[in-house]
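The values are calculated or read from the model by the stated rules, or taken from the named source; none is laboratory data. Quick caveat: nothing in here was measured; it's all calculated off a predicted structure. Here the Cβ is made from the backbone with ideal geometry for all residues, glycine too, and neighbour counts use every protein chain on show. Note: areas computed on protein heavy atoms with side chains; ligands, DNA, RNA excluded. Shrake-Rupley method; radii C 1.70, N 1.55, O 1.52, S 1.80 Å.
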Amino acid sequence: EPDTARAPTTAGEEGETTVHKVRGKVYMWDSEKKAFKDLGVGNLRINTWETDGGDKRARVLCRQETTEKITLNASMFAKMMVEHKGNDKNVGLLAVVDAKPTRFMFRVKTTGEASELKKALDNVIASL
């Protein structure tokens, strides 16, 4: 019987290095409803690469665990805002989606994972 379990796709990520990966739930701020909208569970990845000119680039990418639909794909930039309170499992970030600033929140399993995610995001942002 063939194995039907597929490895998670990395299509479109050729030439990129995943510097951090964590499983959690993604939420996007809905400004009309004034509430976070649940986008589902997935693996959030911070990917980096260099352009042909040697410039460093990075993005935050998340695909839904079951469908692999992309729920977050945002370029990272210098001074990008990342929020995390010490004892919280949530990490917030302000990304630009369709040329508009958009708030996202990522909820992970433990406060330790949240701290590691915040640190990884800050390290990449500082390198841009």
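List of remarks:
- Single unsatisfied condition, Met80 versus (1) in contact (Cβ under 8 Å) with a residue 60 or more places away in the chain; (2) more than 18 Å from Val108 (Cα to Cα); (3) crowded, with 16+ Cβ neighbours inside 10 Å: (1)
- Residue match in segment 56-70 (condition: in contact with a Phe, Trp or Tyr (Cβ under 7 Å, 6 or more places away or on another chain) and under 18 Å from Ala114 (Cβ atoms)): no
- Hits in segment 63-105 - residues which are basic (Lys, Arg) and farther than 15 Å from Val41 by Cβ: Lys79, Lys85, Lys100, Arg103
- Residues in segment 87-108 that are of a type in the set (S, T, N, Q) and touching a strand residue (DSSP E or B) at 6+ places or on another chain (Cβ under 6 Å): Asn90, Thr102.
- Checking each residue in segment 108-122 for being more than 17 Å from Ala74 (Cβ to Cβ) and in contact (Cβ under 8 Å) with a residue 12 or more places away in the chain picks out Val108, Lys109, Thr110, Thr111, Glu113, Ala114, Ser115, Glu116.
- You will find that of Glu68, Glu14, the residue that is farther than 22 Å from Asn123 by Cβ, at pLDDT below 95 and in contact with a Ser or Thr (Cβ under 7 Å, 6 or more places away or on another chain) is Glu68 and no other.
- Scanning segment 33-65 for residues that are without any contact (Cβ under 8 Å) to a residue 12 or more places away in the chain and either within 20 Å of Val108 (Cβ to Cβ) or of a type in the set (Gly, Ala, Ser) (or both) yields Ala35, Lys37, Gly53, Gly54.
- Within segment 21-64, the residues that satisfy the criterion of being open to solvent by 40 Å² or more (accessible area, probe 1.4 Å) and closer than 12 Å to Met76 by Cβ are Trp49, Lys56, Arg57.
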